[in-house]
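A.B. asks: Quick one: the structure is below, and I'll ask about it shortly.
The values are calculated or read from the model by the stated rules, or taken from the named source; none is laboratory data. Since we're looking at a predicted model, the values are computed, not measured. For neighbour counting, all protein chains shown are included, and Cβ atoms are generated from backbone atoms with ideal geometry for every residue, glycine included. Areas reflect the complete protein model, heavy atoms only, side chains present, ligands, DNA and RNA absent. Shrake-Rupley method; radii C 1.70, N 1.55, O 1.52, S 1.80 Å.
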Number of protein chains: 2
Amino acid sequence: MILPSYRDLEAAVKRTAPHIVQTPLLESALLNDYIGGRVLIKAEPLQKTGSFKFRGATNAIWNLPDEVTHVVAYSSGNHAAAVAAAAASRGMIATIIMPEDAPAMKIANTKAFGGQVVTYDRYKESRETIGAKLAKEQGATLIPPFEYLPVIAGQGTIGVEVSDWLKQQNVTPDQLICCTGGGGLLAGISIGIHHHFPDVTIIAAEPEGFDDFKRSLESGKRVSNDPNARSICDAIVTPTPGEMTFAINSQHVSQAVAVRDDDALNAIAVAWQYLKIVAEPGGAVALAAILAGKVDVRNKTTVVIVSGGNVDQDIFNRALNML
Amino acid sequence: MILPSYRDLEAAVKRTAPHIVQTPLLESALLNDYIGGRVLIKAEPLQKTGSFKFRGATNAIWNLPDEVTHVVAYSSGNHAAAVAAAAASRGMIATIIMPEDAPAMKIANTKAFGGQVVTYDRYKESRETIGAKLAKEQGATLIPPFEYLPVIAGQGTIGVEVSDWLKQQNVTPDQLICCTGGGGLLAGISIGIHHHFPDVTIIAAEPEGFDDFKRSLESGKRVSNDPNARSICDAIVTPTPGEMTFAINSQHVSQAVAVRDDDALNAIAVAWQYLKIVAEPGGAVALAAILAGKVDVRNKTTVVIVSGGNVDQDIFNRALNML
């Protein structure tokens with residue numbers, strides 16, 4: 001098993017630069033006062049297709065040989081839209097396998113970006129099996145959502161951008177909090193940030209009921225979630241950590257915390273009020289971990305990843321009604 | 001009357017760099033498809049204090065001599081919060097004169113940033129008179145919202161950032177649309193963008209009933225709005241263009257268009273859905289001008305300024321309910 005190195009991240013930065021948005025690190029004096037520490041928020045809802053997934057998809061797609069004309073991906077939504085859009089940017093066809101209960105906006109966006117959508121039952125069928133079958137039938141190249149070096153390296157461009165910004169501003173962070181589902185974002189960022197700041201404490205955030213990484217980290221081996229668990233954090237309800245991503249994350253991550261759906265909704269409202277960004281539930285769990293008191297941020301400098309903003313209107317209204 | 005030059009903008013870029021957010025130019029493939037052209041959106045809701053006003057306030061405050069310890073400003077809200085926060089960043093006291101009907105969030109934010117708030121009736125009293133009186137009584141320095149060279153130059157840093165980004169990406173824009181109230185933002189950006197792209201068509205956007213700049217541009221002299229006009233675009237309901245700003249804008253701006261409140265609400269919803277940013281009504285009128293068909297964007301590259309995001313929850317809910 002070959003794991004990505006910092007050099008892979010540097011190559012990804014170069015490969016993706018013409019396509020991606022260099023998202024800002026946002027800061028709110030009022031939010032800092034409220035939580036009693038300094039929080040710097042990497043705003044990936046502003047990334048093309050509305051989530052960080054466009055980074056990994058772009059790096060993977062533009063890393064393929066010219067002969068490839070058709071790609072396949074399975075995803076709860078954000079990787080779907082990202083692969084569809086990245087494939088379109090290189091003139092490729094994309095077939096996307098999505099759970100039938102994915103947010104309506106995510107299915108609509110994937111189709112709008114040119115993706116051909118196939119739906120499945122996420123609690124009964126295996127998307128990996130469907131993906132492999134479709135890839136074989138159609139002669140297409142599979143772009144996995146996280147167990148794939150170019151995807152992890154692409155997500156890791158966030159770690160490089162954050163580090164560059166911090167060094168420019170002469171800021172040394174104490175800790176970084178990032179959501180995790182399959183673990184590709186967390187793995188890529190961990191490689192990037194620890195290359196520049198080896199002493200930063202990295203903390204993972206998950207939804208309650210989907211704390212497979214937390215339990216895997218504590219037990220030292222990959223464990224799964226209860227298949228009956230449910231959460232509104234649709235972007236990160238993956239059944240178990242990836243093998244590659246866990247090999248990386250178990251080396252870099254100190255601790256994992258789990259937050260309730262209401263904590264995620266509260267974080268969406270806070271992001272709306274103080275940061276002026278639109279966050280989705282799964283994308284907001286790292287911020288939620290701070291607001292729910294799961295991570296001590298007092299008198300510390302904490303980098304927080306808000307990873308996506310593709311949220312349906314009813315969920316967003318529920319969040320604002322908590323204010 | 002000394003008007004700002006491009007050199008003043010360059011000095012402002014240098015002076016403000018340690019304090020401000022370099023906001024991204026956002027683009028949505030879906031929005032481009034929908035409107036049939038390429039639209040690049042400068043996302044100033046992501047600026048500190050939630051609007052571009054922090055740029056001008058920061059440039060003005062850090063341009064003052066060390067002896068100044070107390071500043072005064074009058075503002076419908078965004079300049080208020082910006083001056084309060086910029087003054088705090090230099091350890092100065094700020095007294096802010098705000099209309100009593102300003103959005104609750106804006107008054108609360110100004111206080112939270114450390115500003116001492118004094119309210120007045122915007123339809124009966126003159127904020128200029130109150131500001132001059134308070135400045136004299138308290139020995140404080142007045143920071144005007146737009147009729148002040150350092151403020152115009154500070155807002156102009158947006159024009160420099162946009163031009164730098166466009167040149168890096170080898171993009172030549174056809175036109176730029178920007179909201180206008182007093183005209184400081186429009187003036188600063190016009191100087192910045194025309195220095196680099198002299199052929200860009202600059203278009204101003206205003207709320208219906210507050211189209212004083214449109215009528216001033218057409219008649220060649222500054223005219224005022226009906227004092228009985230009302231709009232939800234609280235950030236840009238200034239009674240008349242400034243003398244300095246009109247001298248600049250009448251040279252640079254080709255055309256002005258007016259949009260309805262419902263157009264502004266629709267633009268807020270579109271910014272939420274496609275760009276993942278939170279816009280306020282006044283900050284969204286330039287985008288609204290496109291969506292309402294007031295500016296032809298088909299097969300063109302258009303830069304749009306979304307200038308702020310300090311919106312109360314009831315207005316935001318009204319906007320999302322239009323989707």
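A.B. asks: Just want to confirm a number: the relative contact order over the range A:182-302, from Cα pairs under 8 angstrom separated by 6+ residues, in percent.
C.D. replies: Details: 186 pairs, mean separation 35.3, N = 121.
Value for the range A:182-302: 29 percent.
A.B. asks: Same structure, new question: Taking the dipole about the Cα centre of the range A:116-223, with the C-beta of Lys and Arg at +1 and of Asp and Glu at -1, give me whichever of A:Leu186, A:Gly156, A:Thr129 is farthest to the positive side.
C.D. replies: A:Thr129
A.B. asks: A further question follows. In sequence order, what are the phi-derived ³J(HN,Hα) couplings for the range A:150-157 according to the Karplus relation 6.51 cos²θ - 1.76 cosθ + 1.60 with θ = phi - 60°, rounded to whole Hz, with x for glycine and proline?
C.D. replies: Karplus-based 3J(HN,Hα) across the range A:150-157 equals x, 6, 4, 5, x, 4, x, 4 Hz.
A.B. asks: While we're here: Under a cut-off of 16 Å between alpha-carbon atoms, report the lysines in cross-link reach of A:Lys167, not counting same-chain residues fewer than 8 places apart.
C.D. replies: Excluding near neighbours in sequence, the set is A:Lys42.
A.B. asks: Got the B:Lys111 label distances to the other copies yet, label 7 Å along Cα→Cβ, in nm, shortest first?
C.D. replies: Result, one decimal in nm: 4.9.
A.B. asks: Given the C-alpha centroids of the range A:194-230 and the range A:1-63, what is the distance between them in whole angstrom?
C.D. replies: Here the answer is 20 Å between Cα centres.
A.B. asks: Loop-only trypsin sites (Lys or Arg not before Pro) in the range A:102-198, please: DSSP not H, G, I, E or B, and at most 10 other Cβ atoms within 10 Å. Don't skip to the end; give the middle numbers.
C.D. replies: Values: sites: A:Lys106, A:Lys111, A:Arg122, A:Lys124, A:Arg127, A:Lys133, A:Lys136, A:Lys167; in loops: A:Arg122, A:Lys124.
Sparse-neighbourhood loop trypsin sites (Lys or Arg not before Pro): A:Lys124.
A.B. asks: Based on the Cβ-Cβ distance from A:Gln22 to B:Gln138, what FRET efficiency comes out when R0 is 41 Å, to the nearest 0.05?
C.D. replies: Result of the calculation: an efficiency of 0.45.
A.B. asks: For chain B, build the charge dipole from Cβ charges (+1 Lys, Arg; -1 Asp, Glu) around the Cα centre, then report which of B:Ile236, B:Val253, B:Ala43 sits farthest towards its positive end.
C.D. replies: B:Ala43
A.B. asks: Turning to a different aspect of this structure: Run the numbers on chain A and let me know its relative contact order in percent, using alpha-carbon pairs under 8 Å that are six or more apart.
C.D. replies: Values: 743 pairs, mean separation 69.7, N = 323.
Taking the mean separation of contacting Cα pairs over the length of chain A, I get 22 percent.
A.B. asks: Can you pull out the chymotrypsin sites (Phe, Trp or Tyr not before Pro) in the range B:100-167 that DSSP calls coil and that have at most 13 other Cβ atoms within 10 Å? Could the numbers behind the result be given before it?
C.D. replies: Values: sites: B:Phe113, B:Tyr120, B:Tyr123, B:Phe146, B:Tyr148, B:Trp165; in loops: B:Phe113, B:Tyr123, B:Phe146, B:Tyr148.
Answer in residue order: B:Tyr123.
A.B. asks: Dipole size in debye (nearest 20) for chain A around its Cα centre, Lys and Arg Cβ +1, Asp and Glu Cβ -1? Intermediate results must be reported in sequence, preceding the final value.
C.D. replies: On the way: 28 positive and 33 negative charges, 90 e Å.
Charge dipole, chain A, about its Cα centre: 440 debye, nearest 20.
A.B. asks: How many angstrom separate the Cα center of the range B:251-323 from the Cα center of the range A:79-109?
C.D. replies: 27 Å
A.B. asks: Which value, in debye to the nearest 20, gives the size of the charge dipole of the protein assembly as shown about its Cα centre, when Lys and Arg are +1 and Asp and Glu are -1 at the Cβ? List each step's numbers first, then the result.
C.D. replies: Values: 56 positive and 66 negative charges, 146 e Å.
That gives the protein assembly as shown a dipole magnitude of about 700 debye.
A.B. asks: Can you run phi through the Karplus equation (6.51, -1.76, 1.60; θ = phi - 60°) for the range B:318-323 and list ³J(HN,Hα) in whole Hz, with x for Gly and Pro?
C.D. replies: Residue by residue, the range B:318-323 yields 4, 5, 5, 5, 7, 5 Hz.
A.B. asks: Straight-line reach from A:Lys214: which aspartates and glutamates have a Cα under 19 Å away, not including same-chain ones fewer than 8 places off?
C.D. replies: Once the sequence-local aspartates and glutamates are set aside, what remains near A:Lys214 is A:Glu147, A:Glu206, A:Asp226, A:Asp234, A:Glu243, A:Asp261, A:Asp263, A:Asp296.
A.B. asks: May I ask you to report, in nm to one decimal and beginning with the shortest, the distances from A:Asp164 to the same position in the other copies, taking label points 7 Å along Cα-to-Cβ?
C.D. replies: Computed spacing set for this position: 1.3 nm.
A.B. asks: List the residues whose amide H sits under 5 Å from the amide H of A:Cys179, counting only those 5 or more places along or on another chain, with H placed 1.01 Å from N in the peptide plane.
C.D. replies: Sorted by chain and number, the residues that satisfy this are A:Ala205, A:Ala286, A:Ile305.
A.B. asks: Using a 10 angstrom cutoff on alpha carbons, build the Gaussian network for chain A and name the most mobile of A:Gln22, A:Gln155, A:Gln138.
C.D. replies: A:Gln138
A.B. asks: Step through the table entries A:Lys111/B:Lys294; A:Lys53/A:Lys111; A:Lys48/A:Lys111; B:Lys53/B:Lys124, compare each Cα-Cα distance with 21 Å, and write down the pairs that go over it. Intermediate values should be presented prior to the final figure.
C.D. replies: Working: A:Lys111/B:Lys294 29 Å; A:Lys53/A:Lys111 16 Å; A:Lys48/A:Lys111 15 Å; B:Lys53/B:Lys124 25 Å.
Result: A:Lys111/B:Lys294; B:Lys53/B:Lys124 exceed 21 Å.
A.B. asks: So what is the calculated 222 nm ellipticity per residue for chain B, using -39500 (n - 2.57) for each DSSP H run with n of 4 or more, over all residues, to the nearest 500 deg cm²/dmol?
C.D. replies: Values: 14 runs with 135 residues, N = 323.
Theoretical 222 nm ellipticity from helices: -12000 deg cm²/dmol.
A.B. asks: Right, here's the next one. Under the rule of at least 5 residues apart or a separate chain, name every residue whose amide H is placed under 5 Å from the amide H of B:His70.
C.D. replies: Placed amide hydrogens put B:Ile93, B:Thr141 under 5 Å from B:His70.
A.B. asks: Sticking with this one: Once phi is turned into ³J(HN,Hα) by the Karplus curve 6.51 cos²θ - 1.76 cosθ + 1.60 with θ = phi - 60°, what whole-Hz value does each residue of the range B:6-19 show in order, with x for glycine and proline?
C.D. replies: Those phi angles translate into 4, 4, 5, 5, 4, 5, 5, 4, 5, 5, 8, 3, x, 10 Hz.
A.B. asks: Report the label-to-label distance for B:Tyr34 and A:Asp121 in nanometres (one decimal), using points 7 Å from each Cα along the Cα→Cβ vector.
C.D. replies: Between B:Tyr34 and A:Asp121, the simple spin-label model gives 3.5 nm.
A.B. asks: How big is the A-B contact in terms of buried accessible area, both chains counted, 1.4 Å probe, rounded to the nearest 100 Å²?
C.D. replies: Working: alone 12970 and 12970 Å², together 23410 Å².
Using a 1.4 Å probe on protein heavy atoms, the buried area is about 2500 Å².
A.B. asks: Could you tell me how far the Cα centroid of the range A:151-179 sits from the Cα centroid of the range B:132-191, in Å?
C.D. replies: 31 Å
A.B. asks: Hey, for B:Ser126 with labels 7 Å out along Cα-Cβ, what do the inter-copy distances come to in nm, ordered shortest first?
C.D. replies: 8.0
A.B. asks: So, taking all protein chains as they sit and a 1.4 Å probe, how much accessible area belongs to A:Cys233, in Å² rounded to tens?
C.D. replies: Accessible area of A:Cys233: about 0 Å².
A.B. asks: Over the range B:33-181, calculate the relative contact order: mean separation of alpha carbon pairs under 8 Å at least 6 apart, over the residue count, as a percent. Intermediate results must be reported in sequence, preceding the final value.
C.D. replies: Details: 219 pairs, mean separation 36.5, N = 149.
With pairs under 8 Å counted, the relative contact order is 24 percent.
A.B. asks: Only four residue types carry charge here, +1 at the Cβ of Lys and Arg and -1 at the Cβ of Asp and Glu. Report the dipole size of the range A:235-311 about the Cα centre in Debye, rounded to the nearest 20. Could the numbers behind the result be given before it?
C.D. replies: Details: 5 positive and 6 negative charges, 58 e Å.
That gives the range A:235-311 a dipole magnitude of about 280 debye.
A.B. asks: Here is a follow-up. Whose amide H sits under 5 Å from the amide H of A:Gln116, counting only residues 5 or more places off or on another chain, with H placed in the peptide plane?
C.D. replies: A:Ala94, A:Thr95, A:Ile96
A.B. asks: Give the accessible surface of the protein assembly as shown per residue, rounded to a whole number of Å², with probe radius 1.4 Å and ligands, DNA and RNA excluded. Intermediate results must be reported in sequence, preceding the final value.
C.D. replies: Numbers: 23410 Å² over 646 residues.
Per residue, the protein assembly as shown has 36 Å² of solvent-accessible surface.
A.B. asks: Per residue in the range A:15-34, which ones lose no less than 30 Å² of accessible surface when going from chain alone to all protein chains (1.4 Å probe)?
C.D. replies: A:Val21, A:Pro24, A:Leu26, A:Glu27, A:Leu30
A.B. asks: Which residue, chosen from B:Phe146, B:Met105, B:Asn59, occupies the Cα position most advanced towards the positive end of the dipole of the range B:53-147, where the dipole is computed from +1 (Lys, Arg) and -1 (Asp, Glu) charges on Cβ about the Cα centre?
C.D. replies: B:Met105
A.B. asks: Given a 1.4 Å probe and every protein chain left where it sits, what share in percent of the accessible area of chain A is carbon and sulfur? Mind dumping the intermediate values first?
C.D. replies: Numbers: 5470 of 11700 Å².
With neighbouring chains kept in place, the figure for chain A is 47 percent.
A.B. asks: So which residues of the range A:263-293 lose at least 30 Å² of accessible area, probe 1.4 Å, when you go from the chain by itself to every protein chain present?
C.D. replies: Relative to the lone chain, where solvent access is computed with a 1.4 Å probe, the range A:263-293 loses at least 30 Å² at A:Trp272, A:Lys276, A:Val278.
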